[in-house]
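Just so it is clear, none of the values below were taken in a lab; they were calculated from the coordinates. This structure is a prediction, so every number in the text was calculated from the model and none was measured. No Cβ is skipped: glycine too gets one built from the backbone with ideal geometry, and neighbour counts run over all protein chains shown.
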Amino acid sequence: MPLSILRLLSADAFRSGQDISRQLAVSRASVHNAVALARALGAEIHAVRGRGYRLACRYTWLDATQLGRQLGEIGYTLELREAVDSTNSRLMLAAQQGEVHKRVLAAETQSAGRGRRGRDWLAQLGGSLTFSVLWRFQRPLTALSGLSLVVGLTLCRVLRAQGVSGAGVKWPNDVLVGDRKLAGILIETHGDMLSAATAVIGIGINVRVDAALAERAGQAVADLAGEMGRMPDRNDLLVAVLGALDEALERFDAQGFAPFREEWRALHAWQGRSVRVLGAAGATLTGEAVDVDEQGALLLATPEGMRAIHSGEVSLRTT
Ligand code: BTN
């Protein structure tokens, strides 16, 4: 319900509650409640007595028809949901039940969005792009080590092409502007070690983050609206990211991480920085982030010599 109303609103002019209720054949109270719900989910809407409602900025809403057609041309099948718990959780379940290669699940809101290392992924209605894609590789799980870097690099490249010229990558797969996080990636896999691997690649992009959410995020955040000076069209963005991922994942499946290494190095935001690697069991290792190897492992110069960090479950902090 909130979305059918939001689609009738614009950032340019007020529209009265009465007008909306007539058009949708619902009561005024339903319109009022839906606007309240949209606001509670984080959409910013101005309401002025006697004039009605107006969007605080040029939100774009995901359009199933347009996306279905454009993504269909590059071999994806799309499911677009207004609300889910987590697109990754849903698609992982679907993967176990035999869901097809290149299935995409995008959602306007997630009630239980998940980040790496068991963290929550917070987002606001209209202010983020959250989706997951199921990819069935030819290569086994044991040969997916560079995958998260390839996804991060591809996303970074697309965001730079959209005008975020300062976007960079942080190992293994965050996309940053300076030290502020612009997008996150959660990759989950399915299958045994030696047979062809299936991955669910979940991506969350900050499109417009307000001060309250930035505070709750627990880390410095960047958003596209701030970096580009305007609200991007999220439909175009989704098509651009999935188009670029299609090529990159095909290439990664055939050739691994090696062909991506140079570009990754060029965009490495923390190159040469002194970092602390936090392992899953609480162990820490300090050194200088000097490079990534052909498999995508982070090469860390430590007082004890060069160490290769393979695990995707580590978290890097500057010292
Ligand atoms: C991180 O940086 O911690 C990873 C964030 C990944 C968030 C995305 S949003 C779409 C997909 N569904 C989820 O529940 N998480 C990922």
message: Suppose each label sits 7 Å from its Cα in the direction of the beta carbon; what would the GLN23-THR319 distance come out to in nanometres?
response: 5.9 nm
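Which value in Å is the Kirkwood Rh of the range 115-219 over different Cα pairs? Show your work: numbers first, answer last.
Working: mean 1/r = 0.0681 Å⁻¹.
Evaluated over the range 115-219, this radius sits at 14.7 Å.
Give me Rg/Rg_expected for the range 104-155, where Rg uses Cα atoms only and Rg_expected = 2.2 N^0.38 Å with N residues. Don't skip to the answer; put the middle values down first.
Numbers: Rg = 13.5 Å, N = 52, 2.2 N^0.38 = 9.9 Å.
Working it through for the range 104-155, the quotient is 1.37.
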field: Candidates SER21, SER148, SER132: whichever shows maximal mean-square fluctuation once the chain is modelled as a Gaussian network with Cα springs under 10 Å
entry: SER21
query: Once both axes come from the Cα atoms, what is the angle between helix 87-96 and the longest principal axis of the chain, in degrees from 0 to 90, rounded to 10?
result: 60 degrees
query: Which value, to two decimals, describes the C-alpha radius of gyration of the range 149-278 once divided by 2.2 N^0.38 Å?
result: 1.09
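Over the Cα atoms of the chain, Rg to Rh with Kirkwood Rh, two decimal places?
Details: Rg = 20.8 Å, Rh = 20.7 Å.
For the chain, the value is 1.00.
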statement: Rounded to the nearest whole number, the Stokes-Einstein translational diffusion coefficient of the range 232-303 at 25 °C and 0.890 mPa s (Kirkwood radius, C-alpha pairs) in µm²/s is 168 µm²/s
- prompt: Given charges of +1 on the Cβ of Lys and Arg and -1 on the Cβ of Asp and Glu, with all other atoms neutral, how large is the dipole of the range 83-193 about its Cα centre, in debye to the nearest 20?
  reply: 280 debye
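Just the projected area, averaged over all directions, of the convex hull on the alpha carbon atoms of the range 72-132: how many nm²? Show your work: numbers first, answer last.
Working: hull surface 18.3 nm².
That works out to 4.6 nm².
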- prompt: What fraction of the DSSP beta bridges in the range 170-319 is antiparallel, stated in percent and rounded to the nearest 5?
  reply: 95 percent
statement: Diffing the range 245-257: the Karplus 3J(HN,Hα) column from phi (6.51, -1.76, 1.60, θ = phi - 60°), in whole Hz with x for Gly and Pro, holds 5, 3, 5, 5, 6, 4, 5, 4, 4, 7, 10, x, 7
- line: Relative contact order of the range 4-102 (C-alpha contacts under 8 Å, at least 6 apart) in percent is 25 percent
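Can you tell me the order of 38-51, 99-112 when each peptide is scored by its average per-residue count of other Cβ atoms within 10 angstrom, highest first?
Peptide ranking by packing, descending: 99-112, 38-51.
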task: Could you size up the charge dipole of the range 214-267 around its Cα centre, putting +1 on the beta carbon of Lys and Arg and -1 on that of Asp and Glu, and report it in debye to the nearest 20?
output: 180 debye
query: On a 0 to 90 degree scale, rounded to 10, what angle separates helix 64-73 from the longest Cα axis of the chain?
result: 30 degrees
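Got the relative contact order for the range 131-217 handy, in percent, Cα pairs under 8 Å and 6 or more residues apart? Please report the intermediate quantities before stating the final value.
Details: 131 pairs, mean separation 31.1, N = 87.
About 36 percent, as a whole number.
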Per-residue ³J(HN,Hα) for the range 39-45, Karplus 6.51 cos²θ - 1.76 cosθ + 1.60, θ = phi - 60°, Hz, x for Gly and Pro: 5, 4, 7, x, 6, 9, 10
query: Which whole-percent values make up P(r) of the range 197-251 when all C-alpha to C-alpha distances are grouped in 10 Å steps starting at zero?
result: 19, 41, 30, 11, 0
query: Quick one: helix 147-161 against the long Cα principal axis of the chain, what's the angle to the nearest 10°, folded into 0 to 90?
result: 50 degrees
task: Express the relative contact order of the range 196-299 as a whole percentage, based on alpha carbon pairs under 8 Å and six or more residues apart in sequence.
output: 16 percent
